[in-house]
Amino acid sequence: MSDHAEVLVFNTPEPKQVGVEVLSRLVADGIVQSTVTDCTVDGPGYLKGPSAEKATRYVNQARSLSIRYHEGGALYSSPEGGGWLTCPSCHQRLEDERVSDVPNPLKCHRCLGEWLLGEWTLHGCAFGTVAFFFWDWVLRDGFIDQVHAWANAPLVRIHYHL
Ligand SMILES: [Zn+2]
């Protein structure tokens, strides 16, 4: 089985509040189970619930949900690569290998301007304070709209491959 996730990244000043709100809705809707288990791809998380088909196109493949918090914000990109950043001022593209571990704020090596990561233009990656990793789920568009409404915070969806 491949280790693939659809990741919903929220950039909010209140990550715990948003995380708890979205998780409680997912549990109430039967999309994930309420108890934390170690049986997930990347540590503690939640197994799919009895109504997971509300969220994913392929219920049999869907596994678990894990949630990561990062108070100061983090850049989420696929370890396989594919994400990049461009400078908000001169549009210089940063090299791929720098995406996984960049400082915040980040200085452009071309125009020497310095901006917070959330201000750079992101491609195939996302900056946020809380991220929901849906392992082997193929999320429905309508479900993502619903989660966006529950969270009431900026949301970016990225694809993640280990
Ligand atoms: Zn620049």
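Only one of 32, 18 is touching a Leu at 6+ places or on another chain (Cβ under 9 Å) and within 19 Å of residue 145 (Cβ to Cβ). Can you tell me which?
On the way: 18 fails: touching a Leu at 6+ places or on another chain (Cβ under 9 Å).
Selected residue: 32, the only one of 32, 18 that is touching a Leu at 6+ places or on another chain (Cβ under 9 Å) and within 19 Å of residue 145 (Cβ to Cβ).
All but one of (1) modelled with pLDDT of 95 or more; (2) of a type outside the set (Ser, Thr, Tyr); (3) touching a strand residue (DSSP E or B) at 6+ places or on another chain (Cβ under 6 Å) hold for residue 161; state the number of the condition that does not hold.
Only one criterion in (1) modelled with pLDDT of 95 or more; (2) of a type outside the set (Ser, Thr, Tyr); (3) touching a strand residue (DSSP E or B) at 6+ places or on another chain (Cβ under 6 Å) is unmet by residue 161, namely (1).
So if I check each of 125, 87, 108, which one is in contact (Cβ under 8 Å) with a residue 24 or more places away in the chain and within 14 Å of the ligand (Cβ to nearest atom)? Lay out the reasoning, then the answer.
Details: 125 fails: within 14 Å of the ligand (Cβ to nearest atom); 108 fails: in contact (Cβ under 8 Å) with a residue 24 or more places away in the chain.
Only one candidate passes the filter, namely 87.
May I ask you to say which residue of 9, 41, 36 is farther than 17 Å from residue 152 by Cα and either surrounded by fewer than 16 Cβ atoms within 10 Å (Cβ to Cβ) or touching a Gly at 6+ places or on another chain (Cβ under 7 Å) (or both)?
From the options 9, 41, 36, the qualifying one is 36.
Is it fair to say residue 145 is among the charged types (D, E, K, R) and loosely packed, with under 14 Cβ neighbours inside 10 Å?
Details: among the charged types (D, E, K, R): yes; loosely packed, with under 14 Cβ neighbours inside 10 Å: yes.
Against the criterion (among the charged types (D, E, K, R) and loosely packed, with under 14 Cβ neighbours inside 10 Å), residue 145 qualifies.
The values are calculated or read from the model by the stated rules, or taken from the named source; none is laboratory data. The shown structure was predicted, so the numbers you read here are calculated from the model rather than taken from an experiment. No Cβ is skipped: glycine too gets one built from the backbone with ideal geometry, and neighbour counts run over all protein chains shown.
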